[in-house]
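Here is the structure we will look at, set down as structure tokens.
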Amino acid sequence: MTLAGRFRQHLSALAPPPGAAIVAVSGGPDSLALLDLLALTREDHALELVVGHADHGIAAESGAVAARVEALAERYSVPFEIERLQLGGGTTETRARAARYVALRRMARRRGARVIVTAHHADDQAETVLMRLLRGSGPAGLAGMRAFAGGILRPLLPFRRDELARYLHERGIEAWRDPANEDSRHLRSWLRRSVLPTIESRLPDVAERIARAGAQAARNADAWDALLGSLPDLEFRVERGAVSVAAPAVAGYDSALAEALVQAAARHAGRPVGPSRARRVAALAGAGRSGGTVPLGTDWIAEVAFGRLYIRRTLEVPEPVRLGGEGAQAWGRWRFFRTRERAPARQPRDGMTAWFTAAPDLARPPVRGDRIAPLGGSGRRLVVRCFQDARIPRLERAGWPLLTAGDSVVWVPGVCRSSSLVPPAGTEAVRIDVTHE
């Protein structure tokens, strides 16, 4: 079977959700092979491809590479997204990778994409597992990269670097080669250029051996993941871009079990953590202090709030946006849908739908001292108290929208509707529905 046929079968088995998908294209051979295969098989999947390119601003030719990627997107009739990061020379491999993923997630939010597709392949997997082993990772780290987890789709994991290069040659596609990939100062490049070839000279199937070890570690991790939902006192939940468990339950387990469950929960969220961080998070759950946090690297954090342990990405706080006419509008991970209809006799204070005599004019993040006049209540109340009553974790509040009219907060979706701009029953009103990723 051809490589394209095998790719088609593998992607079908992964069953990514339909809709917009950001395809991470660096301009290198692996990502160009990925883009070509996705375009070639677009009748077989329901992904609406968007080429996403992060111009790190490290290599002198990065601007020219970005222009080539944009031209490729146009050739494939695929929309193009770019972020110019301007990291500059001397940037570490780790920092560049973290900045790249932050940029790709911003692109995904702008496009309403649920999936980011990357070109990681079998050789990358072997390098990843070996790197983690050398850094002292536990079994979870040795499981390597998942084919589809945390919104990241990696459909090339079954394929070797050499066969992808042959595929490009057969298709007549020329790729840019990043000098950083040849720089042995980077750990991954050193493993790729020096260590693995030396091992392969004695053990030609070393990549397959590493892959088998990774698959065994992944199976072990899957068993722990399955345990999350089978422990009733753990109360495992997936909610509003985070996973959470009952903090007292974690604190009540043997330390080894507590740490393993923390690692399983973090994997489910899409951020694997090592043993040392898992110990700190389990200790955080044991302390039981609401508002306590443990950073998990890059843009992830663990937080205890209202008796639950949350593992989530740190939120990017969007800038205020003016609310326009009818239709859909985005604010960070939130979407507003505005229509006109007759107002009901009653609207809930804590609903995700509200009716107004006139539309709010601004969506913005909360600031210290914000107050609201609750619907059906008396006086004005601090918005932070409303968040506390709704049991919204502190770190989640920064990315929660407040809808305002003039200087007044008229609605905190899902938390508190104000008594302002409430239309009489049966009169034509502005209806706003709110959803959250």
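The values are calculated or read from the model by the stated rules, or taken from the named source; none is laboratory data. Predicted model, so just to flag it, every value in this text is computed and none were measured. Cβ: placed from backbone, ideal geometry, glycine included. Neighbour counts: every protein chain shown. SASA here: full protein model, heavy atoms, side chains in, ligands and nucleic acids out. Shrake-Rupley method; radii C 1.70, N 1.55, O 1.52, S 1.80 Å.
For the chain, with only Lys/Arg (+1) and Asp/Glu (-1) charged at the beta-carbon, what is the dipole magnitude about the Cα centre, in debye rounded to 20? Numbers along the way, then the final one.
Numbers: 62 positive and 47 negative charges, 248 e Å.
So the dipole magnitude of the chain works out to roughly 1200 debye.
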Percentage, to the nearest whole number, of Cα pairs in the stretch 99-195 over 17 Å apart: 64
Cut-off under 5 Å, modelled amide H: who pairs with S418 long-range: L375, W411, V412
Calculated [θ] (222 nm, deg cm²/dmol) that DSSP helices of n ≥ 4 give over the chain, each run adding -39,500 (n - 2.57): -11500 deg cm²/dmol
Cα-only radius of gyration and Dmax that characterise the stretch 51-98, units Å: 11.6, 35
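Find the accessible area per residue for the stretch 358-437; the probe is 1.4 Å, ligands and nucleic acids are left out, and the unit is Å².
Details: 3520 Å² over 80 residues.
It amounts to 44 Å² per residue over the stretch 358-437.
After finding the eigenvalues of the alpha carbon gyration tensor for the stretch 163-238, what semi-axes result from the square roots of 5 times each, listed largest first in whole Å? Numbers along the way, then the final one.
Details: eigenvalues 280, 70, 46 Å².
Rounded to whole Å, the semi-axes are 37, 19, 15.
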Counting all C-alpha pairs of the stretch 319-409, share separated by more than 16 Å (%): 59
Per-residue HN-Hα couplings for the stretch 286-303 [Karplus 6.51, -1.76, 1.60; θ = phi - 60°; Hz; x = Gly/Pro]: x, 5, x, 7, 5, x, x, 9, 9, x, 10, x, 6, 10, 10, 7, 10, 9
Over the stretch 11-106: Rg over Rh, Cα atoms, Kirkwood Rh: 0.99
In Hz, Karplus ³J(HN,Hα) per residue of the stretch 255-268 (6.51, -1.76, 1.60; θ = phi - 60°; x = Gly, Pro): 4, 5, 5, 4, 5, 5, 5, 4, 5, 5, 5, 5, 4, 4
Cubic angstrom per residue, convex hull over Cα atoms of the chain: 171
Largest to smallest principal axis extent of the C-alpha atoms in the stretch 66-148, angstrom: 42, 31, 23
Simple Cβ-charge dipole of the stretch 282-437, Lys/Arg +1 and Asp/Glu -1, about Cα centre, in debye nearest 20: 420
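Could you size up the charge dipole of the stretch 95-211 around its Cα centre, putting +1 on the beta carbon of Lys and Arg and -1 on that of Asp and Glu, and report it in debye to the nearest 20?
Here the stretch 95-211 has a charge dipole of around 860 debye.
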Distance between modelled label sites at D162 and A64, nm, 7 Å Cα→Cβ extension: 3.1
Whole-Å distance, taken between Cα centres, linking the stretch 361-387 and the stretch 17-77: 44
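Please work out the Kirkwood hydrodynamic radius for the stretch 277-344, using every pair of different C-alpha atoms, and report it in angstroms with one decimal place. The partial results should precede the final answer.
Numbers: mean 1/r = 0.0666 Å⁻¹.
Evaluated on the stretch 277-344, it is 15.0 Å.
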Accessible solvent surface per residue of the stretch 184-288, calculated while the other protein chains remain in place, 1.4 angstrom probe, Å²: 53
Percent carbon-and-sulfur accessible area, the chain, ignoring ligands, DNA and RNA, probe 1.4 Å: 50
Separation of alpha-carbon centers, the stretch 127-163 and the stretch 205-223, rounded to whole Å: 9
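Going by average Cβ density within 10 Å per residue, which order do the peptides 133-139, 306-312, 290-296 take, highest to lowest? Let's see the in-between values first.
On the way: 133-139: 14.1, 306-312: 22.0, 290-296: 16.9.
Answer by packing, highest mean first, reads 306-312, 290-296, 133-139.
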Amide proton proximity set for W331, modelled H, under 5 Å, gap of 5+: F336
